[in-house]
Amino acid sequence: MKPPYQDNTGLRQAVIDACLEMNSAGINQGTSGNISVRAGGHMLITPSGVPYEKMTPEMLVQMPLDGSSPPEGQLKPSTEWPFHLAILQAKPSVNAVVHAHPVYCSALAMNRQEIPACHYMVAAFGGNDVPVADYALFGSQQLSDSIILALQERSACLMANHGAVSTGESLPRALWRMVELETLAKGYAASLTLGQPHILSEEEMAEVIAAFADYGLKDSR
């Protein structure tokens, strides 16, 4: 099968590499996760049900960002494509979206527990907490709406009874945030077994957020 566009093979391969890295890092299992990236006026997204180790660049599905019909002759996109498209439409600065079912993120999502300012790295996601998007059926408009609401001032969120989603100005940044989010979720869950974690104040978090203006992974496309 020929891809409908021939000028983004490198970007397609980067998505596959990120999927493989996601699984090898233990933040996803099987094909339950999915990744999308902005490609000009289109979105590239992983196809539905294809094992990452068998995925090739031409298998990624290219969909117009304006919501019009995608080119014919492609595989079926991930069932989660609606919220990927909604995020890229709503957030022009976002160029990549990562969705996965990390164990500790999913455990908190099952309890519908947000991650409070229990650690300064919460600031990496844009505020004093990591919120939980309301539950809705996967692939539904209601789920897209819930996620967009949760991401209004955040770069990642948990998804009630589901998993997590992270965004980034670049694919490496979005993947980095997903790994950091699972690390936070694991630490928070562990702290709850020991007692009640101390929550940083708004003033303390404001200092961290300001310091994060030049923190960590540099963005690249």
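The values are calculated or read from the model by the stated rules, or taken from the named source; none is laboratory data. Everything quoted here is computed from the prediction, not taken from an experiment. A quick note on method: Cβ atoms are made from the backbone with ideal geometry, for glycine too, and the neighbour counts reach across all protein chains shown. In case anyone asks, the SASA skips ligands and DNA or RNA and just uses the protein heavy atoms, side chains included. Shrake-Rupley method; radii C 1.70, N 1.55, O 1.52, S 1.80 Å.
Hey, what number do you get for the chain at 222 nm if only DSSP H runs of n ≥ 4 count, each worth -39500 (n - 2.57), divided across all residues, to the nearest 500?
Helix contribution divided over all residues of the chain: -11500 deg cm²/dmol.
Taking the solvent-accessible surface of protein heavy atoms with a 1.4 Å probe, what is the per residue accessible area of segment 73-221 in Å²?
Averaged over the residues of segment 73-221, the accessible area is 47 Å².
Calculate the length of the line joining the C-alpha centroid of segment 30-89 to that of segment 110-159, in whole Å.
Comparing the Cα centres of segment 30-89 and segment 110-159, I get a distance of 22 Å.
If Rh is defined by the Kirkwood formula over all Cα pairs and Rg also comes from Cα, what ratio Rg/Rh do you get for segment 65-163?
Expressed as Rg/Rh, it is 1.00.
With N residues in the chain, what two-decimal value do you get for its Cα radius of gyration over 2.2 N^0.38 Å?
1.00
Given 10 °C and 1.306 mPa s, compute D for segment 142-221 with the Stokes-Einstein relation, Rh being the Kirkwood radius over Cα pairs; round to the nearest whole µm²/s. Walk me through the numbers on the way to the answer.
Values: Rh = 14.6 Å.
Using the Kirkwood radius from Cα pairs, D works out to 109 µm²/s.
Quick query: amide H of Met43 versus all other amide H atoms, modeled in the peptide plane; which residues come in under 5 Å with a sequence gap of 5 or more or a different chain?
Met63, Leu65
List the relative contact order of segment 1-101 as a percent without decimals, with contacts defined as Cα pairs under 8 Å and 6+ residues apart.
That works out to 32 percent.
Percent antiparallel among DSSP beta bridges with both residues in the chain, to the nearest 5?
For the chain, the DSSP antiparallel bridge percentage is about 90.
Ala190 to Ala213: FRET efficiency via 1/(1 + (r/R0)^6), r the Cβ-Cβ distance, R0 22 Å, to the nearest 0.05?
Values: r = 29 Å, r/R0 = 1.34.
According to the calculation, E is roughly 0.15.
Could you tell me how many degrees, from 0 to 90 and to the nearest 10, lie between the Cα long axis of helix 202-211 and the main elongation axis, the longest principal axis, of the Cα atoms of the chain?
The angle comes out near 50 degrees.
Nearest 10 degrees is fine. How inclined is helix 141-150 to the longest principal axis of the chain, computing both from alpha carbons?
Its long axis makes an angle of about 40 degrees.
Contact order normalised by length for the chain, with contacts defined as Cα pairs under 8 Å and 6 or more residues apart; what percent is it?
After rounding, I find 20 percent.
Rounded to the nearest 10 degrees, what's the angle between the helix 9-24 long axis and the longest principal axis of the chain, both from Cα atoms, 0 to 90?
In the chain, helix 9-24 runs at an angle near 40 degrees to the longest axis.
Size of the dipole of the chain about the Cα centre, Lys and Arg at +1 and Asp and Glu at -1 on the beta carbon, nothing else charged, in debye to 20? Numbers along the way, then the final one.
Values: 13 positive and 22 negative charges, 125 e Å.
Roughly 600 debye for the chain.
Please turn the phi angles of segment 41-50 into ³J(HN,Hα) values with the Karplus equation 6.51 cos²θ - 1.76 cosθ + 1.60 (θ = phi - 60°), one per residue in order, whole Hz, x for glycine and proline.
x, 10, 10, 9, 9, 5, x, 6, x, 9
When the accessible area of the chain is split by element with a 1.4 Å probe, what percent falls to carbon and sulfur?
Carbon and sulfur atoms account for 54 percent of the accessible area of the chain.
Which semi-axes, in whole Å and largest first, does the equivalent ellipsoid of segment 1-132 have when worked out from the alpha carbon gyration tensor as the square roots of 5 times its eigenvalues? Walk me through the numbers before you get to the answer.
Details: eigenvalues 158, 60, 33 Å².
Ellipsoid semi-axes (Å, largest first): 28, 17, 13.
With Cβ to Cβ distances under 14 Å as the rule, what net charge do the other residues near Leu143 carry (K, R +1; D, E -1)?
Details: positive: none; negative: Glu80, Asp134, Asp145.
Within the 14 Å Cβ shell, the charges total -3.
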